[in-house]
Amino acid sequence: MMYDANYFRRFIEIFAKYLEENKEYLTRLDAAIGDGDHGINMDRGAKAALDRLSSTNPKTPGEIMRTVGMALLSSVGGAAGPLYGTIFMRMSLAFGNRDKIDDKNLATALEQALLGIKGLGKAEVGDKTMVDVWEPVVNFLKENIENGRTLPEICEEVVALAEERMKATIPLQARKGRASYLGERSIGHQDPGATSSYYFFRSLCEAIGGR
Amino acid sequence: MLSILILSHSPDIARGLKEMCLQMISGDVTIEAVGGTKEGNLGIDAELVLNKLQELMANSDGVVVLGDIGSTILAAKNALNMLGFPANVCIADAPLVEGAVVASVEASLGSPLQEVVKKAEEVKSLNKL
Ligand SMILES: Nc1ncnc2c1ncn2[C@@H]1O[C@H](COP(=O)(O)OP(=O)(O)OP(=O)(O)O)[C@@H](O)[C@H]1O
Ligand SMILES: [Mg+2]
């Protein structure tokens with residue numbers, strides 16, 4: 001399957017919708033183990049991204065991702081700004097100036113994004129961060145796409161895996177980010193960044209219209 | 001001439017620490033501070049960090065960056081990634097207040113970039129009592 005600029009716009013719109021609808025929820029999760037701003041931060045960032053998309057009207061998938069990345073960098077305000085900024089910038093670089101992205105390009109771009117956030121924040125799986133969702137989901141995508149399956153075919157599994165890994169952050173103790181200052185008090189709460197990452201992958205799947 | 005870039009979650013800390021550093025120096029050093037979000041709340045504007053860093057790189061021989069918790073360092077590292085790891089910018093792994101003061105003084109004495117970073121990082125083991 002090929003993914004064009006319209007697909008990526010739809011993806012951003014759906015992601016923004018989830019972040020808006022779940023702004024209070026994400027903020028409550030962050031209030032339990034952080035400073036209670038993740039929902040507000042991400043919603044503000046997504047709105048800034050939509051604004052810049054409509055004012056600059058980028059034409060290629062790579063330009064769209066770059067526009068979103070810069071908007072997130074300037075408006076998110078917390079750790080999620082550089083982290084999500086890196087995700088979108090890395091994907092933009094991987095897309096280059098292609099008009100259409102295929103499943104392999106998409107998998108490569110997501111892998112680059114994962115390497116980007118791991119390089120930036122130095123978190124590993126089990127540290128109770130967004131990497132807990134990103135790493136297994138990207139590995140799953142990569143493996144299946146290399147074996148000839150397409151995103152639409154594996155969407156249900158991708159969303160289920162993202163949700164499972166998001167929930168699996170609950171019993172963990174945070175070792176990175178602001179929540180790590182809480183030590184054992186961070187146990188028993190779902191990580192906000194893992195939760196917004198679940199919406200990221202869910203949106204990527206729903207933008208296909210296959211779900 | 002070197003410059004120092006102070007990053008804080010708090011606009012007040014950024015402003016206040018810049019003032020403290022300026023008071024300590026005599027020589028030629030540029031001190032800049034970025035703190036808080038665009039709206040002036042707690043947080044960091046990672047795009048502004050990138051722009052400030054580019055500006056300081058263009059107008060000085062090297063930049064020492066210091067930050068407080070978490071996301072300020074992520075914003076700084078992100079800027080370095082986007083600029084292709086320029087050789088004349090270093091993030092000092094040091095406590096923000098003491099590190100910035102020491103770095104400012106050291107830079108105003110005309111020390112080279114690596115020496116300023118080293119001096120700032122040494123404050124980690126400074127005993128106050
Ligand atoms: N070093 C890191 N590596 C990967 N993810 C991280 C890291 N630090 C924080 N996160 C993710 O960011 C989420 C919090 O995002 P948020 O925007 O609320 O930042 P924050 O912790 O409030 O930042 P700040 O340090 O500015 O207070 C966490 O739930 C976690 O998933
Ligand atoms: Mg937070």
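The values are calculated or read from the model by the stated rules, or taken from the named source; none is laboratory data. Values in this document were obtained by computation on a predicted structure and should not be read as measured data. No Cβ is skipped: glycine too gets one built from the backbone with ideal geometry, and neighbour counts run over all protein chains shown. Surface areas here come from the heavy atoms of the whole protein model, side chains and all, with no ligands, DNA or RNA. Shrake-Rupley method; radii C 1.70, N 1.55, O 1.52, S 1.80 Å.
Brief remarks follow.
- Note on region A:1-54: among residues that are among the aromatic types (Phe, Trp, Tyr) and closer than 18 Å to A:SER197 by Cα, the one that is farthest from ligand 2 (Cβ to nearest atom) is A:PHE8.
- Criterion: of a type outside the set (A, V, I, L, M) and either within 30 Å of A:GLY188 (Cβ to Cβ) or assigned to a loop (DSSP other than H, G, I, E, B) (or both) - qualifying residue of A:ARG9, A:ARG98: A:ARG98
- Checking each residue in region B:96-114 for being open to solvent by less than 60 Å² (accessible area, probe 1.4 Å), without any contact (Cβ under 8 Å) to a residue 60 or more places away in the chain and farther than 16 Å from B:SER26 by Cβ picks out B:GLU98, B:GLY99.
- Being free of Cβ contacts under 8 Å to residues at least 40 places away in the same chain, assigned to a loop (DSSP other than H, G, I, E, B) and within 16 Å of ligand 1 (Cβ to nearest atom) holds for only one residue in A:GLY85, A:GLY69, A:GLY36, A:GLY77, and it is A:GLY36.
Each row is one residue, and each column tells you yes or no for (1) open to solvent by less than 30 Å² (accessible area, probe 1.4 Å); (2) more than 14 Å from ligand 1 (Cβ to nearest atom); (3) in a helix (DSSP H, G or I); (4) away from every other protein chain (no Cβ under 12 Å).
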{"position": "A:LYS17", "(1), (2), (3), (4)": "no, yes, yes, yes"}
{"position": "A:THR27", "(1), (2), (3), (4)": "yes, no, yes, yes"}
{"position": "A:ALA32", "(1), (2), (3), (4)": "no, no, yes, yes"}
{"position": "A:ILE40", "(1), (2), (3), (4)": "no, no, yes, no"}
{"position": "A:GLY45", "(1), (2), (3), (4)": "yes, no, yes, no"}
{"position": "A:ALA49", "(1), (2), (3), (4)": "yes, yes, yes, yes"}
{"position": "A:GLY62", "(1), (2), (3), (4)": "yes, yes, yes, yes"}
{"position": "A:MET65", "(1), (2), (3), (4)": "yes, yes, yes, yes"}
{"position": "A:LEU73", "(1), (2), (3), (4)": "yes, no, yes, no"}
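- For A:HIS189: the one exception among (1) touching a helix residue (DSSP H, G or I) at 6+ places or on another chain (Cβ under 6 Å); (2) open to solvent by less than 40 Å² (accessible area, probe 1.4 Å); (3) within 18 Å of A:ALA32 (Cα to Cα): (2)
- Search result, residues across region A:40-64 that are in contact with a Leu (Cβ under 9 Å, 6 or more places away or on another chain) and of a type in the set (A, V, I, L, M, F, W, C): A:ILE40, A:MET42, A:ALA46, A:ALA48, A:ALA49, A:ILE64
- Complete set of residues in region B:78-95 that are within 13 Å of chain A (Cβ to nearest Cβ) and buried (at least 21 other Cβ atoms within 10 Å of the Cβ): B:ASN78, B:ALA79
- Residues (open to solvent by 10 Å² or more (accessible area, probe 1.4 Å), more than 14 Å from chain B (Cβ to nearest Cβ) and either among the small types (Gly, Ala, Ser) or within 15 Å of the chain's Cα centre (by Cα) (or both)) located in region A:115-165: A:GLY126, A:GLU135, A:PRO136, A:ASN139, A:GLY148, A:ALA160, A:LEU161, A:GLU163, A:ARG165
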